[in-house]
Amino acid sequence: DAKTTQPPSMDCAEGRAANLPCNHSTISGNEYVYWYRQIHSQGPQYIIHGLKNNETNEMASLIITEDRKSSTLILPHATLRDTAVYYCIVRAANNNAGNMLTFGGGTRLMVKP
Amino acid sequence: GAVVSQHPSRVICKSGTSVKIECRSLDFQATTMFWYRQFPKQSLMLMATSNEGSKATYEQGVEKDKFLINHASLTLSTLTVTSAHPEDSSFYICSAREGGPTDTQYFGPGTRLTVL
């Protein structure tokens with residue numbers, strides 16, 4: 001599976017949009033981009049995923065560049081509860097090799113009042 | 001989204017004892033479950049992949065005789081830490097694969113193991 005690069009930390013003001021970037025320049029055509037977050041002492045929470053098109057759900061929006069080499073997770077109105085480590089992971093779906101998610105260092109987002 | 005539960009959420013045990021952690025997918029069937037371990041201020045590290053009805057596949061450096069995994073049904077996988085020692089103290093997290101075209105993985109809330 002392709003590796004990803006994320007900034008180690010970011011700050012965001014409460015109520016403002018949080019834009020978390022992720023580089024995945026070696027992504028393959030059949031690999032999806034997944035985003036998870038982990039709030040302290042909890043298991044990772046699924047946020048969103050996409051293949052080529054931009055995606056939006058009740059939690060966030062995912063913007064994937066046309067060449068698919070990078071993406072941005074957008075939390076439109078960040079709250080203090082959004083403070084967490086955010087992980088961007090690329091992985092092929094229905095891969096016979098176990099299909100596990102491999103976690104990198106992620107981005108520690110601190111939402112400040 | 002799909003829900004994965006773990007039990008117990010927290011356990012403290014004496015060195016040399018064995019501890020069993022249960023992982024259940026509550027509203028979907030999971031042919032594959034994964035067990036991760038997370039030490040303080042580190043990212044999640046995959047320990048093993050658990051397939052229903054077959055032997056688990058362990059990552060390099062993870063002792064299969066120490067971390068026993070049983071995936072007895074499509075909704076339940078268990079991890080038993082045998083003869084636990086203080087260095088096994090960690091946050092253990094299970095994950096279940098939902099399957100389907102995008103194969104999303106959902107995670108349990110984690111189990112904090114402290115070995116005295």
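The values are calculated or read from the model by the stated rules, or taken from the named source; none is laboratory data. Owing to the predicted nature of the structure, the values given are computational and were not obtained by experimental measurement. All Cβ positions, glycine included, derive from the backbone under ideal geometry; neighbour counts span all protein chains shown.
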Residue count, region A:37-67, condition among the charged types (D, E, K, R) and farther than 20 Å from A:G106 by Cβ, comes to 4
Those strands (runs of 3 or more DSSP E) completely within region A:53-113 that have 2 or more residues that are at pLDDT 90 or above and among the small types (G, A, S) are A:70-75
The lone condition B:Q60 fails out of (1) away from every other protein chain (no Cβ under 12 Å); (2) touching a residue at least 60 places away in the same chain (Cβ under 8 Å); (3) outside any strand (DSSP E or B); (4) not aromatic (F, W, Y) is (2)
Filtering region B:96-116 down to residues that are modelled with pLDDT of 90 or more and more than 7 Å from chain A (Cβ to nearest Cβ) yields B:A96, B:T111, B:R112, B:L113, B:T114, B:V115, B:L116
Taking region B:36-49 and keeping residues at the interface with another protein chain (Cβ under 10 Å from one of its Cβ atoms), part of a strand (DSSP E or B) and of a type outside the set (A, V, I, L, M) leaves B:Y36, B:Q38, B:T49
Can you confirm whether A:S41 is within 14 Å of chain B (Cβ to nearest Cβ) and part of a loop (DSSP other than H, G, I, E, B)? yes
Restricting region A:8-33 to residues that are of a type in the set (D, E) and not in a loop (DSSP other than H, G, I, E, B), the one surrounded by the fewest Cβ atoms within 10 Å (Cβ to Cβ) turns out to be A:D11
When (1) within 13 Å of chain B (Cβ to nearest Cβ); (2) polar (S, T, N, Q); (3) touching a Ser or Thr at 6+ places or on another chain (Cβ under 8 Å) are applied to A:S71, the one that fails is (1)
Of the residues in region B:7-33, those that are out of contact with any Phe, Trp or Tyr (no Cβ under 8 Å at 6 or more places or on another chain) and within 13 Å of B:G110 (Cβ to Cβ) number 6
For region B:40-55, the count of residues that are within 17 Å of B:G110 (Cβ to Cβ) and loosely packed, with under 12 Cβ neighbours inside 10 Å equals 2
